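Written out below as structure tokens is the structure these notes cover.
The values are calculated or read from the model by the stated rules, or taken from the named source; none is laboratory data. Source: prediction; values computed, not measured. Neighbour counts run over all protein chains shown; Cβ positions are idealised from the backbone, glycine included.
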Amino acid sequence: MSERPRERALVLTSGGVDSSTLLALKVEQLGAEDVFALCVFYGQRHRRELDSARAIARHYGVEQRFCDLSGIFSDSDCSLLEHSSEQVPRESYAEQLEKTDGAPVSTYVPFRNGLFLSAAAAEALSLRCTEVCYGAHHDDWAGNAYPDCSAAFVDAMGAAIEEGTGGQLHLEAPFVRWSKADIVREGLRLGVPYELTWSCYNGGDRPCGTCGTCIDRARAFAACGVADPLLESTAEDEEV
């Protein structure tokens, strides 16, 4: 009888609330020695989120890997990309969706998460991991804002990863039916250092507060009845 492989996880990390919470959860479950963090550069407007991903990985003592997939998006004019002529919308996702007639929002990077998960699966196999972990949640796919965050997408990619790796690897997306507030609540239980994370699409020294992801983040912390520590630390810096 063959021995069951040791559980090891590779977590896709962006430096934001969702992936940082997922990384903390996997470290709690498996221990830092059996968790890897994969951070992807895809040509985004700023590197601030990459700095946050590094800080979070250091905090949890996990081995971190990096991948550059920016060339694949060189022909896209998605507003999140540094070469784009489009501006990042300064309104909520719900307000943006009212103008798209059912299409994804302008910050949707073409099939980005499908590409990320494929790259992560290849890296995970090389590291002898048993699972790839992805922090998609309900608020991102509600209304088709980001279709590559939906439960249907996760199920399809999970089946593809399992089939394509001969059953050696499976996809974990425990937050796919959660709200962002649910994730923050779990992160508070885990003691996630949210002051190290970054969500704003615009980079800079402090969050803009007006892009879709800033709005979602603020609402999530408010729903949990706590202040966002990133905003608290920013306010303290301004007072100095």
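Determine which member of the set GLU28, GLU7, GLU91, GLU95 is without any contact (Cβ under 8 Å) to a residue 40 or more places away in the chain and not basic (Lys, Arg).
Just one listed residue meets the conditions, GLU95.
Can you tell me which of ARG185, ARG189 is farther than 21 Å from LEU38 by Cα, in contact with a Cys (Cβ under 9 Å, 6 or more places away or on another chain), modelled with pLDDT of 95 or more and of a type outside the set (A, V, I, L, M, F, W, C)?
One residue alone meets the criteria, ARG185.
Are any residues in segment 147-169 aliphatic (A, V, I, L, M), surrounded by fewer than 16 Cβ atoms within 10 Å (Cβ to Cβ) and farther than 10 Å from ALA121 by Cβ, and if so, which ones?
Result: ALA151, ALA152, ALA156, ALA159.
Let me confirm something: among ALA136, ALA121, which residue is surrounded by 18 or more Cβ atoms within 10 Å (Cβ to Cβ) and either closer than 17 Å to PHE175 by Cβ or without any contact (Cβ under 8 Å) to a residue 12 or more places away in the chain (or both)?
Going through ALA136, ALA121 in turn, the sole match is ALA136.
Note down all Cβ pairs under 8 Å where the first residue falls in segment 64-78 and is over 18 Å from LEU117 (Cβ atoms), the second is surrounded by fewer than 15 Cβ atoms within 10 Å (Cβ to Cβ) and hydroxyl-bearing (Ser, Thr, Tyr), and they're at least six residues apart or on different chains.
ASP77/SER85
When you go through PHE116, PHE153, PHE221 one by one, which is the residue that is part of a helix (DSSP H, G or I) and over 21 Å from ALA9 (Cα atoms)?
Sole residue among the options that is part of a helix (DSSP H, G or I) and over 21 Å from ALA9 (Cα atoms): PHE221.
Does ASP182 count as more than 17 Å from TYR108 (Cα to Cα) and in contact (Cβ under 8 Å) with a residue 12 or more places away in the chain?
Against the criterion (more than 17 Å from TYR108 (Cα to Cα) and in contact (Cβ under 8 Å) with a residue 12 or more places away in the chain), ASP182 qualifies.
Hey, among GLY143, GLY166, GLY135, which residue is over 16 Å from the mean Cα position of the chain (by Cα) and not in a helix (DSSP H, G or I)?
After applying the criteria, what remains is GLY166.
Out of segment 209-220, which residues are in contact with a Lys or Arg (Cβ under 8 Å, 6 or more places away or on another chain) and either over 14 Å from GLU49 (Cβ atoms) or surrounded by fewer than 16 Cβ atoms within 10 Å (Cβ to Cβ) (or both)?
Matches in segment 209-220: THR210, ASP216, ARG219, ALA220.
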